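The values are calculated or read from the model by the stated rules, or taken from the named source; none is laboratory data. Computed from a prediction, not measured in an experiment: that's the story for all the values here. Don't worry about glycine lacking a Cβ; one is built from the backbone with ideal geometry, like all the others, and counts go over all protein chains shown. Areas reflect the complete protein model, heavy atoms only, side chains present, ligands, DNA and RNA absent. Shrake-Rupley method; radii C 1.70, N 1.55, O 1.52, S 1.80 Å.
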Amino acid sequence: QLQLVESGGELVQPGGSLRLSCAAAGYALRYYSIGWFRQAPGKEREGVACISTSGGRTNVAHSVEGRFTISGDTATNTVYLQMNSLKPADTAVYYCAATFSDPTMCVMTNFAYDYWGRGTQVTVSS
């Protein structure tokens, strides 16, 4: 089965940058779509960004537009989330997820995704 492993989360000061990685093992990136989600303490999980390499599209949430960028490397089957100008409100566990249902889709709803990583902690604090 497809396995997803997130990495790159750490403590960073406000205004700083981080790049998260989602390494996918087992299948080529063109066969599925990837979404990034985050969950802060006491809050519901929310979609952050998504990518479909076969559909040639990406989306980012309004809350992070202009600061976060999602990209994929089909050679290594890795999806990245570049996070700039980080704020304390960005503190959360960040998860990547995948769906084979429609490789051209690019949505940020939890129910659409079948496979999930265990998450990586991002803490933005001075």
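On the principal axes of its alpha carbon atoms, the stretch 42-126 extends 40, 24, 24 Å, with the longest extent given first.
Accessible area per residue for the chain is 51 Å², calculated with a 1.4 Å probe on protein heavy atoms, without ligands, DNA or RNA. Label zone (Val5, point 7 Å along Cα-to-C-beta; backbone nitrogen cut-off 18 Å) within the stretch 29-50: 29.
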